[in-house]
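The values are calculated or read from the model by the stated rules, or taken from the named source; none is laboratory data. Since we're looking at a predicted model, the values are computed, not measured. Cβ: placed from backbone, ideal geometry, glycine included. Neighbour counts: every protein chain shown.
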Amino acid sequence: MRRAAWIAPAVAAVLVAGGAVTYAVADGDGSSAVRVPGAESADAGFARDMAVHHQQAVEMSYIVRDRTDDEEVRRLAYDIAQTQANQRGMLLGWLDLWGLPKVSAKPPMSWMGMGDMPPGQDGALMPGMATNTQLDELRKANGKRAEVLYLQLMTAHHKGGVHMAEGCVERCGVGVEKRLAAGMVASQKSEIDLMAGMLKDRS
């Protein structure tokens, strides 16, 4: 009984410590006090916009997985879907942690000074995003045609994502978010090179 008496406080202390770590990681400065960014800050804007951008990449990857038997393309699609779904969860989780809305009344990319760009057409809300027409074409394609279309669309998608992530590296104030954005730049540039080679192989 005496052992149980000290176990409960010890467990509670671990849980509290875990919460403190979560807050410190979300802030990125190593302290337990959360420095919450503003609702229209670059940090919030990047989290909102990249979550939307990532969601389409996940969708395209699952589409092509069912449209081809090519193991190389299916493996790439799986990696992109898993990576970007996980990153999307982190971005939305930070918005929850900060108590900030997941949508903004301002146009996409406003946090990058691009709020005055022409509104997206046919579902392409941000640079690099595929249109609804292109997504429908991908859904109807099979085999090599689906592979080529996916690689082309994902290359453009990654280029738009790199541009946005570089904007966060330059403008965001939360350290862990800047590091995530820098990682996105590196990994997506590497995948762009990989996809260029895959497209070349498919003439």
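Among the residues making up the range 113-133, those that are hydrophobic (A, V, I, L, M, F, W, C) and either more than 13 Å from Val52 (Cα to Cα) or without any contact (Cβ under 8 Å) to a residue 12 or more places away in the chain (or both) are Met114, Met117, Ala124. Listed by first and then second residue, the pairs linking a residue in the range 88-112 that is part of a loop (DSSP other than H, G, I, E, B) to a residue that is hydroxyl-bearing (Ser, Thr, Tyr), with Cβ atoms under 9 Å apart and 6 or more places separating them unless they lie on different chains, are Leu100/Ser41; Ser104/Ser110.
Against the conditions (1) modelled with pLDDT of 85 or more; (2) under 25 Å from Met154 (Cα atoms), Pro119 satisfies every one except (1). Of all the listed residues (Ser203, Ser190), the sole one being of a type outside the set (D, E, K, R), surrounded by fewer than 20 Cβ atoms within 10 Å (Cβ to Cβ) and part of a helix (DSSP H, G or I) is Ser190.
Among the residues of the range 49-96, those identified as among the small types (Gly, Ala, Ser) and surrounded by fewer than 21 Cβ atoms within 10 Å (Cβ to Cβ) are Ala51, Ala81, Ala85, Gly89, Gly93. The residues on offer are Ala51, Ala77, Ala44, Ala57, and the sole one that is touching a Leu at 6+ places or on another chain (Cβ under 8 Å), farther than 15 Å from Val176 by Cα, among the small types (Gly, Ala, Ser) and at pLDDT 95 or above is Ala51. Within the range 113-138, the set of residues being within 18 Å of Ile63 (Cα to Cα) and part of a loop (DSSP other than H, G, I, E, B) comprises Gly123, Ala124, Gly128, Met129, Ala130, Thr131.
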